[in-house]
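The block underneath contains the structure these notes are about, expressed in structure tokens.
The values are calculated or read from the model by the stated rules, or taken from the named source; none is laboratory data. Only a predicted model underlies this, so the values are computations on that prediction, with no experimental measurement involved. Cβ placement follows ideal geometry from the backbone for every residue including glycine, while neighbour counts extend to all protein chains displayed. For accessibility, only protein heavy atoms count, side chains too; no ligands or nucleic acids. Shrake-Rupley method; radii C 1.70, N 1.55, O 1.52, S 1.80 Å.
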Amino acid sequence: MTIPFKAVAVDMDGTFLNDQRNYDHDLFAQVLNKLEKRNIQFIVASGRPFARLKNDFSEFIDRVDFVTANGSRLIVEGKEVAVEGLTKKQTIDLINFVHHTYGSMATMAYGRETAYIGTEAPAKDKEFLQYFAKESVEISDWQELPDDTFIELTFHHDSKIAGEIEKKFNEQYGNIVTTFASNPVAIDAVKHGINKATGLKKLLAYFGLTGEDLIAFGDSGNDIPMLDFAKYSYAMENGMVIAKEHAKYLAPSNNDNGVLRVLNEYLDKN
């Protein structure tokens, strides 16, 4: 029997990472060795920016490719190969709209290299967002954002309103953004039409592959396009109900090395 996939895509938080935001490095090294022997690509598909992911995979950085910021920025062999994002004006318009409509909240805007967070955010909320950025700069006036391509924004708020923000903002400004519930208390916003599936489609094309060659793992709302795209899709046991509804299979919990256990089952049988 042959392994039925040629690429693996994994979400990070709640999927590949346990609740302590870590993973079994030794077990991952073993699985990655098996994948490489079979010429199977390992792709991290995350809402996290590359600055954070470089730190997460410092031991494996030359052996892993990345779909970062929910599909907005693609990294192959450590180099950017594609980027999609919002302009400075679109970014400011979105922040002003959300704060005016739903109240002031901790907000982070991710440029290609630097992330920016509002100084008015409560310390605890800043800490939450700054972890994901790895490196960030505080800003007191969003008008002072530099001219850059903003690959993602994150609002620290109940994610149940993610779809409402997208609908209302786009009704007023045109089809500018797509939003995701990336965490129960985090809403990610990217350029309209961008998601993990669009990023994976582009990245897989580099390797001459398609969604038919892909196995994917996710746990939340921002993983739905990826789960729909992959021929072999797994939601985590600990995942949101909506993610499970879009997956073909169920993987053990993120706290039980669910992703690596499923991959080992395929690899050890073939």
Next item on the list: Filter region 39-48 for residues that are touching a residue at least 60 places away in the same chain (Cβ under 8 Å) and either open to solvent by 10 Å² or more (accessible area, probe 1.4 Å) or acidic (Asp, Glu) (or both) and give the result.
Entry: GLN41, GLY47
Margin query: So, in region 109-138, exactly how many residues are surrounded by 17 or more Cβ atoms within 10 Å (Cβ to Cβ), more than 15 Å from the chain's Cα centre (by Cα) and not in a loop (DSSP other than H, G, I, E, B)?
Written below: 9
Next item on the list: Name the residue, out of ASN175, ASN170, that is assigned to a loop (DSSP other than H, G, I, E, B), closer than 17 Å to LYS88 by Cα and open to solvent by 10 Å² or more (accessible area, probe 1.4 Å).
Entry: ASN175
Notebook entry, point to check: Can you tell me which of ASP188, ASP228 is acidic (Asp, Glu), touching a residue at least 24 places away in the same chain (Cβ under 8 Å) and more than 30 Å from TYR102 (Cα to Cα)?
Noted result: ASP228
Margin query: within 24 Å of TYR266 (Cα to Cα), open to solvent by 10 Å² or more (accessible area, probe 1.4 Å), touching a Pro at 6+ places or on another chain (Cβ under 8 Å) and not hydroxyl-bearing (Ser, Thr, Tyr): which single residue out of GLU237, GLU245 fits that description?
Written below: GLU237
Item checked: Filter result for the condition that a residue is within 21 Å of LYS196 (Cα to Cα), out of contact with any Phe, Trp or Tyr (no Cβ under 6 Å at 6 or more places or on another chain), without any contact (Cβ under 8 Å) to a residue 60 or more places away in the chain and surrounded by fewer than 21 Cβ atoms within 10 Å (Cβ to Cβ), over GLU77, GLU84 -> GLU77
Item checked: Out of ASP13, ASP26, sole residue that is among the charged types (D, E, K, R), touching a strand residue (DSSP E or B) at 6+ places or on another chain (Cβ under 8 Å) and either assigned to a helix (DSSP H, G or I) or open to solvent by less than 10 Å² (accessible area, probe 1.4 Å) (or both) -> ASP13
Item checked: Failed condition for GLY211, given (1) open to solvent by 20 Å² or more (accessible area, probe 1.4 Å); (2) at pLDDT 95 or above; (3) within 28 Å of LEU27 (Cβ to Cβ) -> (1)
Next item on the list: Give region 60-82 a look and list any residue that's outside any loop (DSSP other than H, G, I, E, B), more than 16 Å from ALA7 (Cβ to Cβ), of a type in the set (Gly, Ala, Ser) and under 15 Å from the mean Cα position of the chain (by Cα), or say none.
Entry: ALA69
Margin query: Only one of ASP24, ASP19, ASP62, ASP11 is in contact (Cβ under 8 Å) with a residue 12 or more places away in the chain and closer than 30 Å to HIS192 by Cβ. Can you tell me which?
Written below: ASP11
Notebook entry, point to check: Can you tell me which residue in region 33-59 is nearest to SER182 (Cα to Cα), limited to those that are under 20 Å from the mean Cα position of the chain (by Cα) and aliphatic (A, V, I, L, M)?
Noted result: ALA45
Note to self: Out of the residues in region 49-59 meeting the condition of being out of contact with any Lys or Arg (no Cβ under 6 Å at 6 or more places or on another chain) and open to solvent by 50 Å² or more (accessible area, probe 1.4 Å), tell me which one is farthest from ASN270 (Cα to Cα).
What the structure shows: LYS54
Next item on the list: Go through region 107-155 and give me each residue that's over 21 Å from HIS192 (Cα atoms) and of a type in the set (S, T, N, Q).
Entry: THR114, THR119, GLN130, SER136, SER140, GLN143
Next item on the list: Return only the number of the condition from (1) of a type in the set (Val, Ile, Thr); (2) open to solvent by 20 Å² or more (accessible area, probe 1.4 Å); (3) not in a helix (DSSP H, G or I) that VAL190 does not satisfy.
Entry: (2)
